[in-house]
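The values are calculated or read from the model by the stated rules, or taken from the named source; none is laboratory data. Bear in mind the structure is a predicted one, so any value in this text is a computation, not a measurement. With ideal geometry, Cβ positions are generated from the backbone for all residues, glycine too; neighbour counts draw on all protein chains shown. Accessible surface is based on the protein model in full, side chains and every heavy atom, while ligands, DNA and RNA are left aside. Shrake-Rupley method; radii C 1.70, N 1.55, O 1.52, S 1.80 Å.
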Amino acid sequence: MLVGYPVGYLITFTTYGTWPHGDERGSVDKEHNRYGSPFVVSNPHEHRREYSTLKNQPLGLSENQREQVLRAIMEVCRFRGWHAYAVHVRSNHVHVVVNGEERPEKMIVDFKAYATRALRKHANEHSIKKYWTRHGSTRYLWTKESVASAIEYVENEQGKKMTFGAMTRQSHERK
């Protein structure tokens, strides 16, 4: 691992239109994107405005689609030489605990691109314009303990386990 890189990242991104700004669950924007900072407060007017600008219907992932997204994320990790400690694909968001010598922004872009390709290929569906919200959330994990905590969160604190995976060390090493 390069000097200065964290031990890992907890990356989260949502499906398109399912968690807009102003949502009662809270959301993140440029001013509310620091670890421990409060979420954007609920705002019904902002919530309605966000929905009125959608390019297609909000996208919830079916069980089959969640499996496709999981396989795509595992594929990009193997291809790039990243290690996925835990991946949990929910119906409206994805969590990935991952490490690799890459910026997390590049990882998010690759995860979304591979997943979009897989979804379009398996559904032969090209009418959906957007599968994912712009950007995502990244938490830098600087210690083994913070990685273990993130894995626990992704594996066991998301409610009923949906589509879940992880890599063994051997499966991510290049041959």
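Between THR116 and PHE79, the distance separating the two model label sites (each 7 Å from Cα on the Cα→Cβ line) works out to 1.4 nm. Multiplying the residue separation of LYS161 and ASN92 by 0.36 nm and removing their Cα-Cα distance gives an extension gain of 23.5 nm.
Ordered by packing density, taken as the mean number of other Cβ atoms within 10 Å over each peptide's residues, highest first, how do 156-165, 59-68, 8-17 rank? Provide the component values of the computation, followed by the final result.
Values: 156-165: 12.4, 59-68: 16.8, 8-17: 22.3.
My ranking of the peptides, most packed first, is 8-17, 59-68, 156-165.
With respect to the cross-link table entries LYS106/LYS129; LYS112/LYS161; LYS121/LYS161; LYS129/LYS160; LYS106/LYS161, which display a Cα-Cα separation exceeding 23 Å? Going by Cα-Cα distance, LYS121/LYS161; LYS129/LYS160; LYS106/LYS161 fall outside the 23 Å limit.
Report in % the part of the accessible area of the stretch 85-130 that belongs to carbon and sulfur, leaving out ligands and nucleic acids; probe 1.4 Å. Don't skip to the answer; put the middle values down first.
Details: 1010 of 2090 Å².
Summing carbon and sulfur atoms, their accessible area is 48 percent of the total for the stretch 85-130.
In Å², and per residue, what accessible area does the stretch 128-167 have when probed at 1.4 Å with the other protein chains present? Provide the component values of the computation, followed by the final result.
Values: 2650 Å² over 40 residues.
I get 66 Å² per residue for this part.
With a simple spin-label model that places each label point 7 Å from the Cα along the Cα-to-Cβ direction, the separation between ASN64 and THR143 comes to 4.6 nm.
Only protein heavy atoms count here; under a 1.4 Å probe, SER149 has an accessible surface of about 70 Å².
Taking 0.36 nm per intervening residue step and subtracting the Cα-Cα distance, what contour gain separates GLN57 from ARG103 on full extension? Could you put the intermediate results ahead of the total?
Values: separation 46, 0.36 × 46 = 16.56 nm, distance 3.08 nm.
Value of the extension gain: 13.5 nm.
Over the stretch 62-118, give the accessible area per residue in Å² for a 1.4 Å probe, as an integer.
Values: 2110 Å² over 57 residues.
Per residue, the stretch 62-118 has 37 Å² of solvent-accessible surface.
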